[in-house]
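To start, the structure itself, in structure tokens.
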Amino acid sequence: MSVFLPIRQQQNLNHLNESNRRLIFRLVPYFRRHVHLLLLAMGLLIPLATAGAIQPLIIGQAVSLLRQESTWRFLRTISIEEGITWLSILLLITVIIRVCCASFQGYLVQKIGQTITADIRKDLFTHVTSLGMGFFNRTPVGRLVTRLTSDVEALGDVFSSGAIGVLSDGIYIVVIIITMITVQVKLALMLVLMMIPVTGLIIYFQNQYRKANYKAREELSKLNSILQENIAGINVVQLFRRELFNSELFRSTNERYRKEVDKTIFHDSAVSATLEWISLVAIAGVLWLGGVFIVDEVITFGTLSAFILYAQRLFNPLRQLADKLTMFQAGFTAIERISELMNEPIEILEPEDKINFLSGFSQRNANGEVCFQNVWFGYKKDEYVLKNLDFTIHAGEKVAFVGPTGAGKSSIIRLLCRFYDPIQGRILIDGVDIREISKIELRRYIGVILQENFLFAGDVMRNITLGEDYCFEQVQKAANITNIEQFINELPQGYKTKVRERGTNLSGGQKQLLAFARVAIRNPRILVLDEATSSLDVKTEALIQDALNHLLNQRTAVIIAHRLSTIRDVDRILVFKKGELLEEGNHQELLKKGGLYNDLYKLQMMKNKE
């Protein structure tokens, strides 16, 4: 595994070559949903920047007025006291304008940012839950969690604090430059020329920051994967004393993450340090050149005072712009990582022309015939786990799948439920190719009870309905059919009893009972059982067996059997080995053949006697 990680990381870094413009275009649909609020927020930038640019001029005029130098025309006709009063009022008005515009704009930007972030998170979650099982088999859970949380939050920071802020700082800088040029061209050009090399350094450090940030987020994904894996498998960790080993693994990954974060801090700090000393140089330059101009009587002390303030105000938004660009680089990294996830193809596509499969039962008089026609399948290219399967399970027939580990039994069920599509051949249900049936209808038509079932946090009733619109009477009926109503009534709050995450407050048998009710309420035509009674004690298994007799009535049943003694009474047994169908027949017929089934059955009987 470790051999391939650097290659994958290099492939991920190659995505950094994608232009920022193209990344931004990916967000345009989200901006369009809130274009009126965006225009209002952008409209507030003009008075905000204008008020900020006027303030140094007002202070400069106050200095000129006190020194009795050249001032604005209206100040020449009034006394110094009145002039200072008017200038103070003008300065107060600009302060009020800036405070009001900045506050309202900040509210709008935060609102837009949080709304867009929620939209992206929703779309990303919807896309992820639509991906095929192959994607989840090769992708660590921690990596998905990082992209759905940390990366989306980083993108949210761009919307809520950076996007409009960058535009605001840019407009502010432009307005200040224009104002300075109208006041004194030479001083203005000096400050503008000083900005050129600074801008180049900022761009360089920002690019380095972006690369370091991408690597840091990759390491964070690995860190979250290790954390999730250890929490989910804490029983095995403690039973086999892997605490020290896993702690060392976590420590080394955490150390790599820290080093990558240190690189981002270095590049971010380099920008701040560069701007800090260049702003001081700019002020010194203004004092030197301005002093020369004062001696030559080219400018007044008031103009020099205004330019000192302009030098500060010109580099302050530039510093803020650099900070926001740092946030933008983190956001671009998040967009790249989110785009990688959004670009994952949905392997199991819905049919373009969906047939109304479920509503056609009465016309077709269908009861669940399953037909595999020359089916080939493999999880990897050219590595087939199922080879040329060709068999039919008739409507209402009870069929068991038997075979050693790795025979392909579970893969057949995954294909039947359309978690994967066959590489060759096709699968028909009641004469219809399952690729022509919507996944919702197909999985409502097929009920699956696994050996281990997942329970969600919530109450018992929710774990039976799974959020679908079933009334309480239907839930009770399903509980009665599966003989579990007594167990539910014995719970502290009955159907409203809270189930902890993964059902940790219920026994294995109780969780299995809920899984039976979950399937029964949906009334499927085809029932798939993957050793579904293995988690039950003898008494509970007897109840379930009675429920199964009711559930299997007039339904097609596919049973994956590990205990051969439980399938003696099925209509037919299909025996698989290495993805191929070797034998078929009922229990007695297969014993007479003396083939693989006979060997497996005798082996189990010998173990039971021991």
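The values are calculated or read from the model by the stated rules, or taken from the named source; none is laboratory data. Values in this document were obtained by computation on a predicted structure and should not be read as measured data. Every residue, glycine among them, receives a Cβ derived from its backbone with ideal geometry; neighbour counts consider all protein chains shown.
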Considering the range 571-610, residues that are hydrophobic (A, V, I, L, M, F, W, C) and surrounded by 20 or more Cβ atoms within 10 Å (Cβ to Cβ), and then whichever is farthest from Val385 (Cα to Cα), we arrive at Leu590
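Each row is one residue, and each column tells you yes or no for (1) touching a residue at least 60 places away in the same chain (Cβ under 8 Å); (2) outside any helix (DSSP H, G or I); (3) of a type in the set (Gly, Ala, Ser).
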residue	(1), (2), (3)
Leu191	yes, no, no
Ser221	yes, no, yes
Glu248	no, no, no
Lys259	no, no, no
Lys263	no, no, no
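Quick test for you: out of Val286, Val298, Val292, pick the one residue that is farther than 29 Å from Ile171 by Cβ, part of a helix (DSSP H, G or I) and of a type in the set (Val, Ile, Thr). Steps first, please.
On the way: Val286 fails: farther than 29 Å from Ile171 by Cβ; Val298 fails: part of a helix (DSSP H, G or I).
Answer to the selection: Val292.
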If we keep only residues of the range 42-78 that are touching a Phe, Trp or Tyr at 6+ places or on another chain (Cβ under 7 Å) and part of a loop (DSSP other than H, G, I, E, B), then the residue nearest to Cys101 (Cα to Cα) is Leu44
Counting only residues in the range 200-218 that are farther than 30 Å from Arg143 by Cα and touching a residue at least 60 places away in the same chain (Cβ under 8 Å), the one surrounded by the most Cβ atoms within 10 Å (Cβ to Cβ) is identified as Ile202
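Could you identify the single residue in Ile437, Ile423, Ile446, Ile413 that is crowded, with 16+ Cβ neighbours inside 10 Å, closer than 18 Å to Asn374 by Cα and modelled with pLDDT of 85 or more? Explain how you work it out, then say what you get.
Numbers: Ile437 fails: closer than 18 Å to Asn374 by Cα; Ile423 fails: crowded, with 16+ Cβ neighbours inside 10 Å; Ile446 fails: closer than 18 Å to Asn374 by Cα.
The match here is Ile413.
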* **Condition met for Leu455 (under 26 Å from the mean Cα position of the chain (by Cα), surrounded by 16 or more Cβ atoms within 10 Å (Cβ to Cβ) and not in a strand (DSSP E or B))** => yes
Those residues of the range 449-469 which are of a type outside the set (S, T, N, Q) and out of contact with any Lys or Arg (no Cβ under 9 Å at 6 or more places or on another chain) amount to Leu450, Arg462, Gly467, Asp469
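Residue by residue through the range 171-215, note down the ones that are within 35 Å of the chain's Cα centre (by Cα), farther than 18 Å from Ala322 by Cα and modelled with pLDDT of 80 or more.
Residues of the range 171-215 within 35 Å of the chain's Cα centre (by Cα): 171, 199-215.
Narrowing the set further to residues that are farther than 18 Å from Ala322 by Cα leaves 214-215.
Correct list: Lys215 only.
Could you look through the range 544-590, keep only residues that are part of a helix (DSSP H, G or I) and more than 44 Å from the chain's Cα centre (by Cα), and pick out the one that is modelled with the lowest pLDDT? Walk me through it before giving the result.
Within the range 544-590, the first condition is being part of a helix (DSSP H, G or I), and the residues that meet it are 544-551, 564-567, 587-590.
This time we only want the ones that are more than 44 Å from the chain's Cα centre (by Cα), so: 565, 587-590.
On the way: Ser565: 68, His587: 85, Gln588: 87, Glu589: 86, Leu590: 86.
The residue in question is Ser565.
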Here the residues within the range 409-438 that are touching a helix residue (DSSP H, G or I) at 6+ places or on another chain (Cβ under 8 Å) and among the basic types (Lys, Arg) are Arg414, Arg418, Arg426
Within the range 388-438, the residues that are over 28 Å from Leu131 (Cβ atoms) and of a type in the set (Phe, Trp, Tyr) are Phe391
Would you mind stating whether Val475 is over 32 Å from the mean Cα position of the chain (by Cα), in contact (Cβ under 8 Å) with a residue 40 or more places away in the chain and outside any strand (DSSP E or B)? yes
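Here is a check on your reading of the model: is Gly406 of a type in the set (Gly, Ala, Ser), exposed (fewer than 15 other Cβ atoms within 10 Å of the Cβ) and closer than 30 Å to Gln512 by Cβ? If you could, list the steps in order and put the result at the bottom.
On the way: of a type in the set (Gly, Ala, Ser): yes; exposed (fewer than 15 other Cβ atoms within 10 Å of the Cβ): yes; closer than 30 Å to Gln512 by Cβ: yes.
In short, yes.
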Scanning the range 271-314 for residues that are among the hydroxyl-bearing types (Ser, Thr, Tyr) and within 46 Å of the chain's Cα centre (by Cα), the one surrounded by the fewest Cβ atoms within 10 Å (Cβ to Cβ) turns out to be Ser272
